[in-house]
Amino acid sequence: AISLEQSGEKLHHLQQRHELEAALRAECDVNKERAEVDLARYDDEMTWLLGLHEEIGKMQATGGNANLPYREIRLSPLVLQGNPYTGGPMALMTAVWDTANADSRLALLPDDEAHAYSLLYHIREERFDALRLLAEDAMDRQAAFEGQFADIGAPKTPVLARMSAADLKEYDALAMQSFTAMRVAKLQLRIVYASSEAVRQELYDSAS
């Protein structure tokens, strides 16, 4: 009777493990698509910021007389879960991992697999998400500055000709801070993406 009970418990744990592995792989699949969207959007935003940097430089070189229109960002057409996506870089999903970690189901996984997922979610949650938020903060500071030189009817479109030499210098610094923050976030996201792909292919050792 004890043997049968132990066998039944092992089968139950094995079933739980397979269910957890399937859920973790599904979350990785969702995050793969999200990361690809984020990488493309970072490219859009960094391209825009570099163009803005060039135009601010032209305004500075001409003493504000270049009469340049505000450079609008050009967003690549992206699709997320079958629908058009026009937003900015987004957070990655961690619900499955968080729940399994909270209820101790991670102990069901083999050590190498558990370690690989632990490392993945560490660089995903603690590193990338923090850098993503820093990039968002930099863009918010830039947008707040831009609003000082915009019309009420178009609050997101600053008029460069209204900026003094000091304003243009400050604006350029803010744009480059946004660019640097995005570049760092994108580099970390590439590490997340590569690590996630390794886990999806069941390459759990540190060298892989």
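The values are calculated or read from the model by the stated rules, or taken from the named source; none is laboratory data. Only a predicted model underlies this, so the values are computations on that prediction, with no experimental measurement involved. Every residue, glycine as well, gets a Cβ built from its backbone with ideal geometry; the counts of neighbours run over all protein chains shown. Just the protein is used for accessible areas: all its heavy atoms, side chains included, with ligands, DNA and RNA removed. Shrake-Rupley method; radii C 1.70, N 1.55, O 1.52, S 1.80 Å.
Just how large is the dipole of the chain about the Cα centre, in debye to the nearest 20, putting +1 at every Lys and Arg Cβ and -1 at every Asp and Glu Cβ?
On the way: 21 positive and 34 negative charges, 138 e Å.
Dipole about the Cα centre, nearest 20: 660 debye.
Can you give the local net charge around residue 113? Use residues other than it whose beta-carbon is closer than 13 angstrom to its beta-carbon, Lys and Arg +1, Asp and Glu -1.
Details: positive: 17, 25, 105, 200; negative: 21, 111, 112, 202, 205.
Once all neighbours under 13 Å are counted, the net charge is -1.
How big is the stretch 1-160 along each principal axis, measuring the range of its Cα positions in Å and listing the largest first?
Principal extents (largest minus smallest coordinate, Cα): 90, 28, 27 Å.
Treat the stretch 107-208 as a sphere of radius equal to its Kirkwood radius over Cα pairs and apply Stokes-Einstein at 10 °C in a medium of 1.306 mPa s; give the translational diffusion coefficient in µm²/s, rounded to a whole number.
Details: Rh = 16.3 Å.
Calculated translational D: 98 µm²/s.
Can you sort 159, 79 by solvent-accessible area, 1.4 Å probe, largest first?
Values: 159 50, 79 85 Å².
Descending accessible area places them as 79, 159.
With Cβ to Cβ distances under 15 Å as the rule, what net charge do the other residues near residue 163 carry (K, R +1; D, E -1)? Can you show the working numbers first?
Values: positive: 58, 71, 162, 169; negative: 55, 146, 151, 167, 170, 172.
Local net charge: -2.
When the solvent-accessible surface of protein heavy atoms is calculated with a 1.4 angstrom probe, in what order do 123, 73, 191 fall, highest first?
Numbers: 123 10, 73 60, 191 85 Å².
Listed by decreasing accessible area, they come as 191, 73, 123.
Amide H to amide H under 5 Å from residue 78: which residues, 5+ apart in sequence or cross-chain, H placed 1.01 Å off N in plane?
85
Taking the stretch 113-157, how much of its Cα-Cα pair set, in percent, is spaced more than 18 angstrom apart?
Details: 527 of 990 pairs.
So the portion of pairs separated by more than 18 Å is 53 percent.
If one takes the longest principal axis of the Cα atoms in the chain, at what angle in degrees, from 0 to 90 and to the nearest 10, does the Cα axis of helix 2-61 lie?
10
Select from 83, 65, 101 the residue whose mean-square fluctuation is largest in a Gaussian network model of the chain (Cα-Cα springs shorter than 10 Å).
In this elastic network of the chain, the residue with the biggest mean-square fluctuation among 83, 65, 101 is 83.
Specify which residue in the list 37, 62, 50 is farthest towards the positive end of the charge dipole of the stretch 1-96, using unit charges on the beta carbon of Lys, Arg (+1) and Asp, Glu (-1), about the Cα centre.
Farthest towards the positive pole: 62.
What does the net charge come to around residue 80 if you take all other residues with beta carbon closer than 14 Å to its beta carbon, with K and R at +1 and D and E at -1?
Counting the neighbours of residue 80, the net charge comes to -1.
As I understand it, the dipole of the stretch 106-196 uses +1 on the Cβ of Lys and Arg and -1 on the Cβ of Asp and Glu, about the Cα centre. Which of 149, 193, 108 lies farthest toward its positive end?
Farthest towards the positive end: 149.
Using the crude model of +1 on Lys and Arg Cβ and -1 on Asp and Glu Cβ, and no other charge, please compute the dipole size for the stretch 20-72 relative to its Cα centre, in debye to 20.
On the way: 6 positive and 12 negative charges, 52 e Å.
In debye, rounded to 20, the stretch 20-72 gives about 260.
Taking +1 at the Cβ of each Lys and Arg and -1 at the Cβ of each Asp and Glu, which of 165, 89, 13 sits farthest along the dipole of the chain towards its positive end, judged by Cα position relative to the Cα centre?
Projecting each Cα onto the dipole axis, the largest value belongs to 165.
Among all the lysines, which ones have a C-alpha under 30 Å from residue 156's C-alpha, if same-chain residues fewer than 8 places away are not counted?
58, 169, 186
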